[in-house]
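Below is one structure, written out as structure tokens, with a few remarks after it.
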Amino acid sequence: MRIAMIGSGYVGLVSGACFADFGHDVVCVDNDPKKIEALEAGRMPIYEPGLEALVADNVRQKRLSFTTDLKPAVAGADAVFIAVGTPSRRGDGFADLSYVYAAAREIAQAVTGYTVVVTKSTVPVGTGDEVERIIREARPDAEVGVASNPEFLREGAAIGDFKRPDRIVIGAEDERAAAVMQEVYRPLYLNAAPIIVTGRRTAELTKYAANAFLATKITFINEIADLCERVGANVQEVARGIGLDNRIGSKFLHAGPGYGGSCFPKDTLALVKTAQDYATPIRIVETVVSVNDQRKRAMARKVVAAAGGSVRGKTVALLGLTFKPDTDDMRDAPSLSIIAGLQDGGAKVVAYDPEGIEQARPLLEGVTYADDAYSCASGADILVIVTEWSAFRALDLPRLKTLMNAPVLVDLRNVYSPTDAVKHGFQYVGIGTTPSNG
Ligand code: UDX
């Protein structure tokens, strides 16, 4: 099949490369010539494990190519995916759909023969209807079906998630469009991936409901963690104790500094807004949004408390800047709020991250960057683990202790056991644990 992917950002690039790997003929389009130039030279605009090799291989096999020229890429395609950005609109938090609609208008002018236009970007309920209206208005003669096919990829694990998905959701309003979409995903039948074919609005809402549910699950365990600290319980054991109940499930029950990233914060806000627009407020998600925002700020206060009530004039070493490991993505990363809070309290912040420093630089002022975890900790009064990169999971605690000015470890991801840390002479503060019960 011939596939055009409009938007070669995170979702477009990963999906395009994976479709090509399944044997489809894929052209990834982007209106940023620098991005296309880089991709043609084999340079990835984002860090995603395995992506560079996958792209190189499929370019070599001539199944994957890149262009800024939408028209020839769309002409003759069986399916055209819209995978452009949908940032939160400033002011009201609603998803900004101008890029999606602009893509729809351009696609309308370029399609030839029967083509399914698919929204892959996360778009509010009803966007597919609007995309269809735009296309029909621009090209009443075009033979087009409009489908919704939300992605559920996790950054850092996106290729595996694409190739072995828990499910594929296809929203289509007619059988012809649904049949093309099933053909697009046919290679995945071999992996026994369940394909759910629904109406378009249902598919659009499914994506938001999935992300809001996961954000709720994280926020729930984060609040239980706070209570654990007060009552002398251990949140990791509570999470295990509830997670083994199949109805609950053990994933997404890691208490931490609050969720961040490109999806959860934006999608929860957009769902809240849609629900309010339809006069059906989803109060549980409204609460999740505000609890999570407050939590990120509260983490700075936690560090201050661990430092004895003030960080003024102290050096805080911070490990992990990105919103999670194995990505260079800094969007809505908890580290941003934590660093701001610490600097407000008069701390000097030294940070290290295996991939995120270049992305972090323009977002942070007055931060010094180190080359590795040990040089970061050197001379520090307090060490804070914000993101659980593998490189921070087996740090040499005795060595850290000798390097630091004072052995205080605030572990916002519960990477270390409190007992171990205390045994090595650290004052240890985790999430949802107390040193005495570790
Ligand atoms: C998420 C969804 O998982 C994915 O299906 C969707 O398509 C896009 O959004 P992603 O943003 O890449 O993916 O990250 P994810 O691994 O889900 O983590 C999101 C945030 O939640 C991170 O800040 C992470 O640290 C946090 N998190 C996750 C927790 O704090 N605890 C957990 O148990 C799980």
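Quick notes
- Only listed residue being assigned by TED's automatic domain parsing to the domain that holds VAL410, over 22 Å from TYR259 (Cα atoms) and in contact with a Cys (Cβ under 9 Å, 6 or more places away or on another chain), chosen from TYR374, TYR369: TYR369
- Residue match in segment 224-243 (condition: polar (S, T, N, Q), near the ligand (Cβ under 10 Å from one of its atoms) and not assigned by TED's automatic domain parsing to the domain that holds GLU151): no
- Pairs, first in contact (Cβ under 8 Å) with a residue 60 or more places away in the chain in segment 185-200, second among the aromatic types (Phe, Trp, Tyr), C-beta under 6 Å, six or more apart: PRO187/PHE22
- Boolean, ASP353 is closer than 19 Å to GLY256 by Cα, buried (at least 19 other Cβ atoms within 10 Å of the Cβ) and at pLDDT below 95: no
- Among residues of segment 117-135, those that are free of Cβ contacts under 8 Å to residues at least 12 places away in the same chain and over 28 Å from ASN211 (Cα atoms), counted: 0
- Any chance LEU269 is within 16 Å of the ligand (Cβ to nearest atom) and hydrophobic (A, V, I, L, M, F, W, C): yes
- Filtered residue count, segment 20-71, keeping only those that are without any contact (Cβ under 8 Å) to a residue 40 or more places away in the chain, among the aliphatic types (A, V, I, L, M), over 27 Å from VAL146 (Cα atoms) and assigned to a helix (DSSP H, G or I): 5
- In this entry, ALA351 is excluded by the filter for residues that are of a type in the set (A, V, I, L, M, F, W, C), in contact (Cβ under 8 Å) with a residue 60 or more places away in the chain and not in a helix (DSSP H, G or I).
- Residue within segment 95-104 that is without any contact (Cβ under 8 Å) to a residue 24 or more places away in the chain, surrounded by fewer than 21 Cβ atoms within 10 Å (Cβ to Cβ), in a loop (DSSP other than H, G, I, E, B) and within 20 Å of the chain's Cα centre (by Cα) present: yes
- The requirement of being of a type in the set (Gly, Ala, Ser), more than 16 Å from the ligand (Cβ to nearest atom), crowded, with 23+ Cβ neighbours inside 10 Å and in a helix (DSSP H, G or I) is fulfilled somewhere in segment 72-85, by at least one residue.
- Elements of type helices (runs of 4 or more DSSP H) contained in segment 147-247, each with 1 or more residues being loosely packed, with under 14 Cβ neighbours inside 10 Å and touching a Ser or Thr at 6+ places or on another chain (Cβ under 8 Å): 235-243
- Residue in segment 404-421 that is farthest from the chain's Cα centre (by Cα), counting only those that are aliphatic (A, V, I, L, M) and buried (at least 19 other Cβ atoms within 10 Å of the Cβ): MET404
- For first residues located in segment 386-397 and aliphatic (A, V, I, L, M), partners that are within 13 Å of the ligand (Cβ to nearest atom) and lie 6+ apart or on another chain with Cβ distances below 6 Å form the pairs VAL386/GLY320; VAL386/SER335; VAL386/LEU412.
- Test: residue in segment 207-221 that is charged (D, E, K, R) and within 11 Å of the ligand (Cβ to nearest atom): yes
- Taken over segment 295-332, the residue count meeting the criterion of being in contact with a helix residue (DSSP H, G or I) (Cβ under 8 Å, 6 or more places away or on another chain), in contact (Cβ under 8 Å) with a residue 60 or more places away in the chain and crowded, with 21+ Cβ neighbours inside 10 Å is 14.
This table checks each residue for (1) more than 30 Å from MET44 (Cα to Cα); (2) in contact with a strand residue (DSSP E or B) (Cβ under 6 Å, 6 or more places away or on another chain); (3) more than 15 Å from the ligand (Cβ to nearest atom).
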position	(1), (2), (3)
THR327	no, no, no
GLU355	no, no, no
SER390	no, no, no
ASN405	yes, no, yes
VAL408	yes, yes, yes
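- Residue within segment 188-203 that is touching a Pro at 6+ places or on another chain (Cβ under 9 Å), outside the structural domain of PRO354 (by TED's automatic domain parsing) and either among the basic types (Lys, Arg) or farther than 25 Å from ARG2 by Cβ (or both) present: yes
- Hits in segment 119-140 (condition: charged (D, E, K, R), surrounded by fewer than 18 Cβ atoms within 10 Å (Cβ to Cβ) and under 18 Å from ASP174 (Cβ atoms)): ASP129, GLU130, ARG133, ARG136, ARG139
- Filtered by the rule that a residue be at pLDDT 95 or above and crowded, with 22+ Cβ neighbours inside 10 Å, segment 422-438 gives PHE426, TYR428, VAL429, GLY430, ILE431, GLY432.
The values are calculated or read from the model by the stated rules, or taken from the named source; none is laboratory data. Just so it is clear, the structure is predicted and the values come from calculations on it, not from any experiment. Don't worry about glycine lacking a Cβ; one is built from the backbone with ideal geometry, like all the others, and counts go over all protein chains shown.
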